[in-house]
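What follows is a set of notes on a single structure, which appears directly below.
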Amino acid sequence: MRALRRLDDPDREHVPQRPSWTCRDCHDDWPCRTARTQLPAQFRLDPLALFVYLGICLYEATEDLYKLHPNPGPDPAALHARFLGWVPERRLVVGALARRFAAGYPTRPPPGTEAAGPTGSTEP
Ligand SMILES: [Zn+2]
């Protein structure tokens, strides 16, 4: 028998349910508040992959939601804000660059930081 999970269980999956694009767990519009917290953490090392993933979701959600509600269809600007507009892109990119730089990947230090790399040099 499957155990019931607490509402604040961090392991609950807040994933989209199609074609409504509501959260399978909390039933809010997806990405829900919890998903917006979990997704940046899941993609912390590769924020570009998060943008690609959310862009694909936006494309598919637009298609699904127009089929469900063709007249009037969903507002494109609202969909863009819902799927991509909330992403803290600068924070994610700077954080990923800092983690890569600290791990010795060949990259420049993130802008605005004075982090020294493995060689102690911040020169390109
Ligand atoms: Zn949710």
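Measuring how big the range 16-102 is from its alpha-carbon positions, Rg and Dmax come out at 14.2, 51 Å. Just the protein heavy atoms count here, and of the accessible area of the range 16-102 at 1.4 Å, carbon and sulfur take up 58 percent. Sparsely packed loop sites in the range 11-94 (the trypsin sites (Lys or Arg not before Pro) outside DSSP H, G, I, E and B with at most 16 other Cβ atoms within 10 Å) comprise 12, 24, 44.
Rolling a 1.4 angstrom probe over the protein heavy atoms with all chains in place gives the range 16-102 an accessible area of 60 Å² per residue. With a 1.4 Å probe rolled over the protein heavy atoms of all chains, the accessible area of 52, 94 falls in the order 52, 94, largest first. Extension gain, residue 84 to residue 102, is 3.7 nm, computed as 0.36 nm per intervening residue step minus the present C-alpha separation.
The values are calculated or read from the model by the stated rules, or taken from the named source; none is laboratory data. No experiment lies behind these values; they were computed from the predicted model shown. Positions of Cβ are backbone-derived with ideal geometry, glycine not excepted, and every protein chain shown enters the neighbour counts. Surface areas here come from the heavy atoms of the whole protein model, side chains and all, with no ligands, DNA or RNA. Shrake-Rupley method; radii C 1.70, N 1.55, O 1.52, S 1.80 Å.
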